[in-house]
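Enquirer: I'd like to ask you about the structure that follows.
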Amino acid sequence: MKILQDAFARSVRYLETLPERSVQPSTAAIEALAGLDGPLPQEPTPEQEVLERLDAVGSPATLANAGPRYFGFVTGGALPVSLAANWLAGAWDQNAHFVVGSPTAAALENRALAWIREILELPKSWGGGFVTGTTMGNFSGLAAARHHLLGTLGWDVESKGLFGAPEIQVVVGEEAHTTLFQGLALIGFGRDRVTKVPVDDQGRMRSDSLPDLEPPTIVCLQAGNVNTGSFDPIIEIAPRAREQGAWVHVDAAFGLWAKASPSTAHLVKGLEQVDSVATDLHKWLNVPYDAGLALYRDPEIARRALSITAAYLPEGSERQPCDYTPESSRRARGVEVWAALKTLGRSGLADLIGRNCELARRFAAGLDKAGFEIGNEVVLNQVLVSFGSDARTREVIAAVQLEGTCWCGGTTWNGRAWMRISVSSWATGPEDVDRSLRAIIAVATDC
């Protein structure tokens, strides 16, 4: 097992160098990736040689998104304990599809789900399944909605498909995320056959513009706008929609975790009134990729929509993990989720979320003081900043990335270009924000 010990040593060395390395890999490092190309070898290659090559060429060309100064794409780093649990789960090599396939994976998944319900203050009757991310979480919630709504009309969609099925109205906000539309396309509803509700200046769906909801209807809300961090008013819309017979789904890729902190929990008020929720775990919970979650008010609806049947599959009353996701064979994602939650506890998770939000406000205050325009109400962990014209803003973004102290992405919001700063990592501290501020302001001054 010498190869595994070597891999561990190289991994630790990589992580220990992250705080001081350039977040953006150099052009030379990226160009060197060509050294990993070539034809498939005719003969085996020594495993030590393979690992050395992978580390020597691959590691320098990575973005340091696991470090403390990566602020792109709402990406969190992996908590050390969640990475360690992920390594251990990899060694176990469990297939987390059925209980009989991995009693350990099933037990850890069940407990992690119970803890998440506690954090979100949801009834014990809620259930869920671990998926790759919010895209598949949205797909799963929409599949459950499709099954339920068409079933109430006597249509068995899993047997008959959508050909000739009653039409389902889908209502979304104008600022719905692109992955929600991807889920709508995959589930057969289409990206364009939706009713879009106007939003306010922060991207929040306007509850006073919600149309009449004739059954069958799905209303898709958003908890955490990817640009502003704002939330649709769940508490205002969800009860009204459900009273009219609609299924309410929430795309909460990162915003769901606002519930964990007393300072932001109000943003998710009314969550218990919805029917399904999708979220990422590899974002703000800071576990390794890929990990997401689909939650259901009535998990039995999801099981009927998503479970598979075959003569060799187990039967019984136990919760079978794969019955609540689109996948059968899958890795044991619940292991690192359990480890992260066990290590953080309720107070540690609240501190992580609250601290990231405070650091986002620190970013906004520093950039505002320097004379740059802040484009959003900083209600969560997202900051939009403009450096003047769209061209200059894009120039600053590119120059900041190239300079390497930190990494911030760009976006378009309300027809203008903005730098988007997402503070999502357990590793980020005030000193990282201050160091990044100095670099951003210096670069913007020179542009």
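Enquirer: How about the range 113-128: which of its residues are in a loop (DSSP other than H, G, I, E, B) and either touching a residue at least 24 places away in the same chain (Cβ under 8 Å) or among the hydroxyl-bearing types (Ser, Thr, Tyr) (or both)?
Expert: Glu121, Leu122, Pro123, Ser125, Trp126
Enquirer: Which of (1) in contact with a Pro (Cβ under 8 Å, 6 or more places away or on another chain); (2) in a loop (DSSP other than H, G, I, E, B) does Leu149 not meet, given it meets every other one?
Expert: (2)
Enquirer: Identify, from the list Thr152, Thr132, the residue that is farther than 21 Å from Asn225 by Cβ, out of contact with any Phe, Trp or Tyr (no Cβ under 7 Å at 6 or more places or on another chain), of a type in the set (Ser, Thr, Tyr) and buried (at least 19 other Cβ atoms within 10 Å of the Cβ).
Expert: Numbers: Thr152 fails: buried (at least 19 other Cβ atoms within 10 Å of the Cβ).
From the options Thr152, Thr132, the qualifying one is Thr132.
Residue-wise test of (1) small (Gly, Ala, Ser); (2) part of a helix (DSSP H, G or I); (3) buried (at least 22 other Cβ atoms within 10 Å of the Cβ).
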| position | (1), (2), (3) |
| --- | --- |
| Trp284 | no, no, yes |
| Glu300 | no, yes, no |
| Arg304 | no, yes, no |
| Cys357 | no, yes, no |
| Ala360 | yes, yes, yes |
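Condition check ((1) under 22 Å from the mean Cα position of the chain (by Cα); (2) assigned by TED's automatic domain parsing to the domain that holds Gly188; (3) modelled with pLDDT of 95 or more) across all residues:
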position	(1), (2), (3)
Thr62	yes, no, yes
Phe98	no, yes, no
Thr134	yes, yes, yes
Leu153	no, yes, yes
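Enquirer: Just to check your reading of the model, which residue among Thr445, Thr405 is at pLDDT 95 or above, more than 30 Å from Asp200 (Cα to Cα), part of a loop (DSSP other than H, G, I, E, B) and among the hydroxyl-bearing types (Ser, Thr, Tyr)? Reasoning before the result, please.
Expert: On the way: Thr445 fails: part of a loop (DSSP other than H, G, I, E, B).
So the residue among Thr445, Thr405 that is at pLDDT 95 or above, more than 30 Å from Asp200 (Cα to Cα), part of a loop (DSSP other than H, G, I, E, B) and among the hydroxyl-bearing types (Ser, Thr, Tyr) is Thr405.
Enquirer: Working carefully through the options Ala350, Ala364, Ala391, find the one that is surrounded by fewer than 16 Cβ atoms within 10 Å (Cβ to Cβ) and in a helix (DSSP H, G or I).
Expert: Ala391
Enquirer: Do you know which residues across the range 1-23 are part of a loop (DSSP other than H, G, I, E, B), in contact (Cβ under 8 Å) with a residue 40 or more places away in the chain and out of contact with any strand residue (DSSP E or B) (no Cβ under 6 Å at 6 or more places or on another chain)?
Expert: Arg21, Ser22
Enquirer: Gly345 versus (1) farther than 29 Å from Ala78 by Cβ; (2) without any contact (Cβ under 8 Å) to a residue 12 or more places away in the chain: which is the lone unmet condition?
Expert: With respect to (1) farther than 29 Å from Ala78 by Cβ; (2) without any contact (Cβ under 8 Å) to a residue 12 or more places away in the chain, Gly345 is out only on (1).
Enquirer: Give the range 60-108 a look and list any residue that's outside any helix (DSSP H, G or I) and more than 30 Å from Gly409 (Cβ to Cβ), or say none.
Expert: Those that are outside any helix (DSSP H, G or I) and more than 30 Å from Gly409 (Cβ to Cβ): Asp93, Gln94, Asn95, Ala96, His97, Phe98, Val99, Val100, Gly101, Ser102.
Enquirer: Within the range 283-310, how many residues are at pLDDT 95 or above, of a type outside the set (A, V, I, L, M, F, W, C) and under 17 Å from Arg330 (Cβ atoms)?
Expert: Counting residues in the range 283-310 that are at pLDDT 95 or above, of a type outside the set (A, V, I, L, M, F, W, C) and under 17 Å from Arg330 (Cβ atoms) gives 5.
Enquirer: In addition: Restricting to the range 241-258, count the residues that are outside any strand (DSSP E or B) and in contact with an Asp or Glu (Cβ under 7 Å, 6 or more places away or on another chain).
Expert: Filtering the range 241-258 for residues outside any strand (DSSP E or B) gives 241-246, 252-258.
From the residues that got through so far, the ones that are in contact with an Asp or Glu (Cβ under 7 Å, 6 or more places away or on another chain) too are 253-254.
Here the count works out to 2.
Enquirer: Just one of (1) on the phi < 0 side of the Ramachandran plot; (2) of a type outside the set (Lys, Arg); (3) out of contact with any helix residue (DSSP H, G or I) (no Cβ under 8 Å at 6 or more places or on another chain) trips up Leu213, so point out which.
Expert: Only one criterion is unmet by Leu213, namely (3).
Enquirer: For the list (1) over 30 Å from the mean Cα position of the chain (by Cα); (2) in a helix (DSSP H, G or I), I need the number of the one condition that Leu40 fails.
Expert: Condition (2) is where Leu40 drops out.
Enquirer: Can you tell which of Asp201, Asp290 is more than 24 Å from Leu153 (Cβ to Cβ) and over 22 Å from the mean Cα position of the chain (by Cα)?
Expert: Asp201
Enquirer: Hey, another quick one. Could you list, in sequence order, all residues of the range 152-200 that are in a helix (DSSP H, G or I) and over 26 Å from Thr132 (Cβ atoms)? Walk me through how you get there before you give the answer.
Expert: At the first step, the residues of the range 152-200 found to be in a helix (DSSP H, G or I) are 157-160, 178-187.
Result: Ser159, Lys160.
Enquirer: Test of understanding: among Gly429, Gly415, which residue is small (Gly, Ala, Ser) and touching a residue at least 40 places away in the same chain (Cβ under 8 Å)?
Expert: Testing whether each residue is small (Gly, Ala, Ser) and touching a residue at least 40 places away in the same chain (Cβ under 8 Å) leaves just Gly429.
Enquirer: Now for a different question. Hey, can you tell me all the residues within the range 425-447 that are touching a helix residue (DSSP H, G or I) at 6+ places or on another chain (Cβ under 7 Å) and under 20 Å from Ser22 (Cβ atoms)?
Expert: Correct list: Thr428, Val433, Leu437, Ala439, Ile440, Val443, Ala444, Cys447.
Enquirer: Hey, any hits in the range 162-183 for a residue that's closer than 30 Å to Phe73 by Cβ, surrounded by 14 or more Cβ atoms within 10 Å (Cβ to Cβ) and in contact with a Pro (Cβ under 7 Å, 6 or more places away or on another chain)?
Expert: Looking for residues that are closer than 30 Å to Phe73 by Cβ, surrounded by 14 or more Cβ atoms within 10 Å (Cβ to Cβ) and in contact with a Pro (Cβ under 7 Å, 6 or more places away or on another chain), one finds at least one in the range 162-183, hence yes.
Enquirer: Let me ask something else. Which condition breaks for Glu318 when tested against (1) closer than 23 Å to Val172 by Cα; (2) more than 21 Å from the chain's Cα centre (by Cα)?
Expert: Going through the list (1) closer than 23 Å to Val172 by Cα; (2) more than 21 Å from the chain's Cα centre (by Cα), Glu318 breaks only (1).
Enquirer: Let me ask something else. Considering only residues that are surrounded by fewer than 15 Cβ atoms within 10 Å (Cβ to Cβ) and either charged (D, E, K, R) or touching a Lys or Arg at 6+ places or on another chain (Cβ under 6 Å) (or both), which ones fall in the range 33-66?
Expert: Asp37, Glu43, Glu47, Glu49, Glu52, Arg53 - these are the residues of the range 33-66 that are surrounded by fewer than 15 Cβ atoms within 10 Å (Cβ to Cβ) and either charged (D, E, K, R) or touching a Lys or Arg at 6+ places or on another chain (Cβ under 6 Å) (or both).
Enquirer: Return yes or no: is Val379 surrounded by 20 or more Cβ atoms within 10 Å (Cβ to Cβ), more than 30 Å from Leu281 (Cβ to Cβ) and in contact (Cβ under 8 Å) with a residue 24 or more places away in the chain?
Expert: no
The values are calculated or read from the model by the stated rules, or taken from the named source; none is laboratory data. This structure is a prediction, so every number in the text was calculated from the model and none was measured. When we count neighbours, we look across all protein chains shown, and the Cβ atoms used for this are built from the backbone with ideal geometry, even at glycine.
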